[in-house]
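Shown next, in structure tokens, is the structure this report addresses.
The values are calculated or read from the model by the stated rules, or taken from the named source; none is laboratory data. All values reported here derive from a predicted model rather than from experimental measurement. Every residue, glycine among them, receives a Cβ derived from its backbone with ideal geometry; neighbour counts consider all protein chains shown.
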Amino acid sequence: MNKEEISDTQALLRDVQMQRIFPDGKTFLDCIPAYDDQEINEKYLQQKDRPGFDLKKFVSEHFELPVPISQGYSSDVKKTLEENIETLWGYLTRQPDKGGGSLIPLPYPYIVPGGRFGEIYYWDSYFTMLGLKVSGRIDMIENMVNNFSALIDRFGYIPNGNRKYFIGRSQPPFFSHMVQLLASAKSSQVLITFLPQLVGEHNFWMKGADQLSKTNGSLYHTVKMFGGEVLNRYWDENETPRPESLREDVDLSHQSKLEPAILYRHLRAGAESGWDYSSRWFKTPLSFASIYTSDIVPVDLNCLLFHLEQTIAEANELNGNTDLSRKYQSLALKRKDAIQRYFWNNEQGFYFDFDLQQNIQKQSLTLAGVLPLFTKIANQREAALVGAVIGEKFLRPGGLVTTLETTGQQWDDPNGWAPLQWMAINGLANYGQTDLAKTIAKRWIQLNADVFKRTGKLMEKYNVVDTQLEAGGGEYAGQDGFGWTNGVLLALTERFKTNE
């Protein structure tokens, strides 16, 4: 087996997942094999058809089960919420190691989200870093930026997380935001230091752009729009079931009209988006089987790439390379114009994703529409209209709901997520909408505090509609820990002091 990936065709993996030996399909992928996993698989093939063979027992004899990284932690009700988060940083820290099993080793210490997630996650980490900055942990921010830099050097991009089964896809590209955050804490020299990796990430997302044509309108992460502009989509180089969700993906293929390989690519692309999963990616809101992620051009992804291009331009300017600075600034401006052309809807006063299959804007309202405010692409009038929609349609007792569709998917109503609250609050504040930004922040902070008081936990996601209920939906149970919730909560608490 290729050491850089876990094959979903391996008999043992397939059978463990399809027979649901573990309630969570991720568990087996994170087990540590007692010896070479290919040899274990061969031994399994020799034994599996013998009378009385026990698959669960076989796994327990040949694999070491993963231990939650924050096991042993319990909150101290005598301490403040902020003090508990400071303690949690220690429990969520993973030291550099040699890897083992599916884990890809990293050279520096890092923070993991918690719960079932014992590895680093790409976009999660930026929002975790926001809290680390408040905690004065600039050393850890630098460690994590160095780790992501090492991943770009090794793979040419930052995988979804540092697990071999994530190879083939990335996540929302926040590396430029991380580098800017570190630069704000140290100096602008940081931008020059990580310039090669910033360019490397841009090359990954733009791979195939020079091969696009009228007859070949999409390739890898790039798409040619009807006006000739090149924008980006989520995509994965594999078209097989996700190993960590093999059973769920195969089961869904039996319900879908899509060819399995096409369905699996869309599922993987949905995982790359970070919004796994949401009606945002479905043709029919209530039909998971109608997922078509890679045929959608997402507004948020393109806003993040605009920021990446701007950051590369700035780094080149600082480095004295004016020509390259102009080149990337030009790319950013072209992307900005395309974002306005394809995603802005003047009649509805909001930004929407673009449907490549029908060559029209999608009509589902989602919080992805705040990214042009977060990255300062919108003009003042557009931002005011977006703010009105946010206040009228998305604002709930506990903060902002992710979409207006109630589907049972975790990135839909009634759930709210820390990164989207942060981007909405900061996006609105960028345009002077401080009252709405403060309202959202206060409601989110209060919800986090209330759930913590009730449960002693900080959660991955929250029910912002009925604040007495826990968040639900998705492929796994609600997780506590929780990296990006901690980070955003600390950053918002510092910014919106209770006495203001």
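From the set of residues in region 329-356 that are of a type in the set (Lys, Arg) and crowded, with 16+ Cβ neighbours inside 10 Å, which is farthest from Ala388 (Cα to Cα)?
Narrowing region 329-356 to residues of a type in the set (Lys, Arg): 334-336, 341.
Right, trim to crowded, with 16+ Cβ neighbours inside 10 Å and you get 335-336.
Values: Arg335: 25, Lys336: 22 Å.
Checking each candidate, the answer is Arg335.
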Residue that is more than 25 Å from the chain's Cα centre (by Cα) and either assigned to a helix (DSSP H, G or I) or surrounded by 17 or more Cβ atoms within 10 Å (Cβ to Cβ) (or both), where the choices are Arg326, Arg268, Arg280: Arg326
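Would you confirm whether any residue within region 250-263 is part of a loop (DSSP other than H, G, I, E, B) and among the hydroxyl-bearing types (Ser, Thr, Tyr)?
First pass over region 250-263, keeping only residues part of a loop (DSSP other than H, G, I, E, B): 254-259.
Of the ones still in play, those that are also among the hydroxyl-bearing types (Ser, Thr, Tyr) are 256.
Scanning region 250-263 turns up at least one residue that is part of a loop (DSSP other than H, G, I, E, B) and among the hydroxyl-bearing types (Ser, Thr, Tyr).
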Inspect region 210-230 for any residue being touching a helix residue (DSSP H, G or I) at 6+ places or on another chain (Cβ under 7 Å), without any contact (Cβ under 8 Å) to a residue 24 or more places away in the chain, of a type in the set (D, E, K, R) and part of a loop (DSSP other than H, G, I, E, B) and give the result as yes or no. no
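I'd like the residue in region 404-430 that is assigned to a helix (DSSP H, G or I), within 20 Å of the chain's Cα centre (by Cα) and not small (Gly, Ala, Ser) and, out of all such residues, is nearest to Asn379 (Cα to Cα).
Step one: filter region 404-430 for residues assigned to a helix (DSSP H, G or I), giving 418-430.
Filter again for within 20 Å of the chain's Cα centre (by Cα), leaving 418-427.
Adding the requirement that they be not small (Gly, Ala, Ser) leaves 419-423, 425-426.
Details: Pro419: 23, Leu420: 20, Gln421: 21, Trp422: 20, Met423: 17, Ile425: 17, Asn426: 15 Å.
For region 404-430, the residue satisfying everything is Asn426.
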Name the single residue that is surrounded by the most Cβ atoms within 10 Å (Cβ to Cβ) among those in region 431-484 being closer than 26 Å to Ala383 by Cα and β-branched (Val, Ile, Thr). Ile440
First in region 336-364 and farther than 11 Å from Val297 by Cβ, second anywhere and among the hydroxyl-bearing types (Ser, Thr, Tyr), Cβ under 6 Å, 6 or more apart: Trp344/Tyr351
In region 379-427, the residues that are touching a Ser or Thr at 6+ places or on another chain (Cβ under 8 Å) and of a type in the set (A, V, I, L, M): Leu395, Leu404, Ala418, Leu420
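Suppose we keep only residues that are hydrophobic (A, V, I, L, M, F, W, C) and under 30 Å from Leu252 (Cα atoms) within region 432-474. Which one would you say is modelled with the lowest pLDDT? Explain how you work it out, then say what you get.
At the first step, the residues of region 432-474 found to be hydrophobic (A, V, I, L, M, F, W, C) are 436-437, 440-441, 444-445, 447, 449, 451-452, 458-459, 464-465, 469, 471.
With the extra rule that they be under 30 Å from Leu252 (Cα atoms), the set shrinks to 459, 464-465, 469, 471.
Details: Met459: 92, Val464: 98, Val465: 98, Leu469: 88, Ala471: 82.
Filtering region 432-474 for residues that are hydrophobic (A, V, I, L, M, F, W, C) and under 30 Å from Leu252 (Cα atoms), the one modelled with the lowest pLDDT comes out as Ala471.
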Considering only residues that are of a type in the set (Asp, Glu) and not in a loop (DSSP other than H, G, I, E, B), which ones fall in region 442-471? Asp450
Over 27 Å from Phe306 (Cβ atoms), touching a residue at least 24 places away in the same chain (Cβ under 8 Å), in the same structural domain as Leu304 (by TED's automatic domain parsing) and in contact with a helix residue (DSSP H, G or I) (Cβ under 9 Å, 6 or more places away or on another chain) - does that describe any residue in region 374-386? no
